[in-house]
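The numbers here are math on the coordinates, done by the rules we state, and not lab data. Remember, predicted model here, so these are calculated numbers, not experimental data. We place every Cβ from the backbone using ideal geometry, glycine too, and count neighbours over all the protein chains shown.
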Amino acid sequence: MTAEMAHEEFIELNANVLELTGVDAQKRTAILREHVEALLDRHKVEKDARLMDSFERSRGCKLVVPISYKANVGSVRILRNFSVRQEPALNMTIAEALLATLATSPLFSPLSLIKGGATTEYIGGDTTISDPTQNLLDEAYGTFGSEALVACLLSIGCGHPGLIAAESASDVATWYRLTDKLLADGERKAQQLESRMGHLGLYYRFSVTLGLERDVTPDIGTTLAHTEVYLADVAISHKLDLCIDALKSQSGIASLEQLQHSGGQSVLGPSVPPLTKTFVMRKEPWDFIEQALLKPTNEDTYGQRMLAVTGVGGCGKTQMILKFVRVHGKDFISCCFVDGSSEARIRSDITRHVRSLGAEYSQKTFDDCLVFLAHSSSQGTRLIVYDNVDDPELDILPLIPDGEGCTIIFTSRNRSIGELCPEAHLELDVMSLDESVQLLLFTHQQSSPPTEPDREEARSIAQALGCLPIALTQARSYMYQTKCSRSSYLEILLNNRDKLLAQPVKYQRDMRHVSTYAAFDASLASLPPRALQFIRLLSYFHWNAFPLHLISIAANHSFSDYDYQFFDHNNDYHAARTLLREIFEPTGQWDTSDLNDIMISLQNYSLVTLATGVDTTLLQMHLLAHGWVRVRIPTEDQGKYESAAILLLALGARAEHTPSTPYLASHVTHFSPIWDRLSINDAGAFGLILDEAGFYESALLLRERVWAGLKGLVNPRSFEALWALASTYRNMGQYSQAEKILEELSTLRKETLGDRHPSTITALSGLATTYRDSGRFHDAERLAKEVLDLRTEFLGEHHPDTVAASSNLAVIYRDLGRMEEARQLQESVLRLRKDTLGDHHLDTLIASHNLAVTYDDLGRLEEAALLQTNVLKLMKKVLGERHPDTISAANNLATTYSQQRRSTDAKLLREDVLQWRTDILGEKHPDTIAASNNLAETYSNLGLSDKAEALQVSVLHLRQEVLGEDHPDTMSARYNLSLILVELGRLDEAKGLQERVVGWRKSTLGESHPLTINAMLSLAETYVSLPETAHALETLNTVKHVIAETVGRTDHRYQWCIELNGRALDQEKSQGTSRKGPQVLQTSKRGGGRRRQTARKSFQRMG
């Protein structure tokens, strides 16, 4: 019950039982029994309820009440609601216990209990024990242990007995009264306790000093009057305020050990925890701490100094601060290390610290202590460390001194604590790799320095543990205790990580948590339900770079709408959707503030960190925390969380580019172990994500699986799957496969939909595009014209699809060298786009972009640059500066700069393009690699041949890794590298690369393909330079014939063949008389075959 309720019940007890007159003890006891039964009934306590029964309302409360035996008044029996080893529990009913404590003669009869056939009578203990304080301390010592802290000892007396003088009368009754006074005199004991503990500020004795002497029996009115006078005394009132403050704050002051044995002679302040013996200095955090706390003050640094150190559990926050205290503690007047886990612990530690400074501070309340600590001193400042202030519900501001007299440090898992001092907020991350290795190799008896194999093993362990200090300490301890080698530990870690990290670490006094997973568990238990659900969901994704924008995309599509759906969804899908809506739509509607609440909760415990991505916020977890969350998911819930993660990721697969697009592929790859279990719908979505990211081989695996699941079905869904498969083959450079599929698709659509159905025409358009990729320009032209004619006939010449067909045909004309026809058609496309869509529409900008590329090829470089500059400006406005199409426009403008010999401008723009694509698409995306390729060409043009070679070698290696040895772009990388090697005079290396490129292009693209012609011409030029005249003449004869047959003798490359052929013939004549060494021909960058293959993007739709 509440204090107010207890007060009312006491008044009722007095009025209805204690103050009754004219009744004997037996009658009063019967009335008391009825009163007790009514009291229990009012408070819904069963009549048969016993002291040892479990009650929710009294959970955690320890009850100790002394009673006595009637037959042996000097013996004490304790009533408890808990068990002790010293004596068996006297488990009375609550009603019996109430009767026993009041069973004081002559008012009441003893309480009789029958047990084992014997009757025992009990009476109240107030006659036997006049002051039970010491008895209570004994009970607390046995129950809570010696180290438990006592906040308050409250003792209430029943009035001062006055002088106790010996009676002059010698009758027995008079001496009985004297003995009764002596036995009942608790004031002497209270005074003794006051002398022992009064200076500690925890013992409070209240007893009316005047007017209640026992020579008379005052009535209730007199008693109240004297009590009011007593409480009105200023000293007593202040003492009462201190007592109330102690009861409310529950701030422990002295241990039971002190009070029990030493009498509480002094208050001991909270101790500073030990610094781990394996501490490793972390330079960057240490420099930050010293700068924040010790830098000299100036006009810009005034006011109280604070430092907040936040981070995930086990990252070493407390140890860094302990090291600071160890090194710089002498620079402060005093150091107080406060347990910040709760308000009660903070109040206790602050109060103990101040009271430990001297007896003159023993009566200070917590608020007095804050004022004292805040006050400036001529001796310097005090240091207060609030350690582990992790509870996000704790209002810390009222619990810290507000003044320049102290410097304050916080350590916390709660990132929001950093808002108290944003300029001095250290977000402590994991250790560096070198620091981690140093910790793992630490030994107290280093006989010889560690070898490089030792360091390599330690590095592997550190990387596997994510360089988390608590995990590293646990690993080192495990290896020390088990005597296992580092290589053996690494093997155990890789095979049994969860079991290993959950094992407690022994013999480590300085570890707050006994294992890595225990450190994480402390956070998990405190998470709100939806935050817990979300972090479980995250554990199925990759631990790094989860885009929060993905959740917005999914919500905007009702957590259900796929871009491409091949079959009806199964039961797993419906369960997954329910879970996602439960997490992200708790009110039934999507609201970003609900997601923000979740993120705040997770950051409160530093379980996630946020990073800035491109147009989205990225979320990441420590890799060990990531694995720990997965382990802690109940077995029966694992399936639904996995399904929900798959659904959420699949909903991010969109045909259009979104801010999430660049970050999804790593998460799809993370799911690779279960790709074979994905539904056809999810496999299709994952395939789209991988294809857009440039992971073509992985995308092909999934898209082939989708097609296998749909094979035999002839419907629009199967057509979409076949189209997607062809697109991936095309992106991989496997043009023949793409052609085969698109030819099959065109046939299927003709058979099912007819020759002139829009979907059939779209298939033909895609086939035309693939013919162009293969160098079958005439076949591509034929199909592109057919598509244009059909669309003109059925849709009209101004329809967007018809205009797109014109644009595609223009690109093919340019490939055929029919530049004027390409220009005329593209200028027509641009006019139509402007007329129907306006100057700023994306399709209009693409038309301008393609026309600019043609102007560039025609040598109309000023017009090309002007048009591309305008396109880039408008694309930035329409799409944003970092949209992939905007970056492609910037890339093409840089190519025009290069053609204009504005190499410095080209370099600056191409460096930007490379940086943007690296940030947005990742360093291994084909477009990013293409940007590196183009920048290498610019370095070469600027005479930076060494830089050009290094970058081009990197391009070649990346394309070999990502696209494969025989991808067309890989061959282009070899070709471009060969040209740089020629410039460096390394002709034999260049020749080897060029011969491989020519051989591949002849067999794959054919001799008449423009890329084959360029490669053969460059190889011929290298042969001339070596000189290898016979090979040069043979190659020149072939390439000259091909150029004449395909583009005519007026082409500038044909003229270059004639010139090279003449030089080769001159070499042949001179070889009979002298032998010349290799010589590099000085050729124009725009002439001959030495023009590099830069990655320039013309926008051409497959459909």
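Each 10 Å bin from zero holds the following percent of Cα-Cα pairs in the stretch 906-974: 25, 52, 23, 0. Eigenvalues of the alpha-carbon gyration tensor of the stretch 3-129, scaled by 5 and square-rooted, set the equivalent ellipsoid semi-axes at 22, 21, 13 angstrom, largest first. Placing +1 on the Cβ of every Lys and Arg and -1 on the Cβ of every Asp and Glu, with no other charges, gives the chain a dipole of roughly 3080 debye about its Cα centre.
The lysines within cross-link reach of LYS364, meaning a Cα-to-Cα straight distance under 30 Å and a gap of 8 or more places when in the same chain, are LYS62, LYS189, LYS239, LYS248, LYS330.
Separation of the stretch 912-959 from the stretch 645-691 is 28 Å, based on Cα centroids. If you compute log10 I(q)/I(0) by the Debye sum over Cα atoms at q = 0.05 Å⁻¹ for the structure shown, which of (1) -0.56; (2) -0.49; (3) -0.39 do you land on? Only one option fits the structure, namely (1). Rounded to the nearest 0.05, what FRET efficiency is calculated for ALA225 and ASP395 with R0 set to 51 Å and r the Cβ-Cβ distance? E between ALA225 and ASP395, to the nearest 0.05, is 0.75. This ranking places CYS467, CYS484 by how few other beta-carbon atoms lie within 10 Å of each, fewest first, which gives CYS484, CYS467. Quick check for you: which residues of the stretch 71-100 have the amide N under 19 Å from the point 7 Å beyond the Cα of ARG42 toward its beta carbon? Hits in the stretch 71-100 for ARG42 at 19 Å: 94-100.
Using a Förster distance of 56 Å, how high is the FRET efficiency between ASP402 and ARG986, based on the Cβ-Cβ distance and rounded to 0.05? The value I calculate is 0.20. The aspartates and glutamates within cross-link reach of LYS740, meaning a Cα-to-Cα straight distance under 15 Å and a gap of 8 or more places when in the same chain, are GLU704, ASP773, ASP779.
Treating r as the C-beta distance of ALA89 and SER271 and R0 as 35 Å, the FRET efficiency rounds to 0.45.
For VAL437, VAL325, the sequence from fewest to most other C-beta atoms within 10 Å is VAL325, VAL437. Lys-Lys pairs in the stretch 967-1081 that are eight or more residues apart or on separate chains and whose Cα atoms lie under 21 Å of each other come to 4. Spin-label model, LYS295/LYS834: points 7 Å from Cα along the beta carbon direction are separated by 5.6 nm. The aspartates and glutamates whose alpha-carbon is closer than 17 Å to the alpha-carbon of LYS834, local same-chain residues fewer than 8 away aside, are GLU797, ASP801, ASP843. Report note on the peptides 626-634, 830-838: ranked by the mean count of other C-beta atoms within 10 Å, highest first, their order is 626-634, 830-838.
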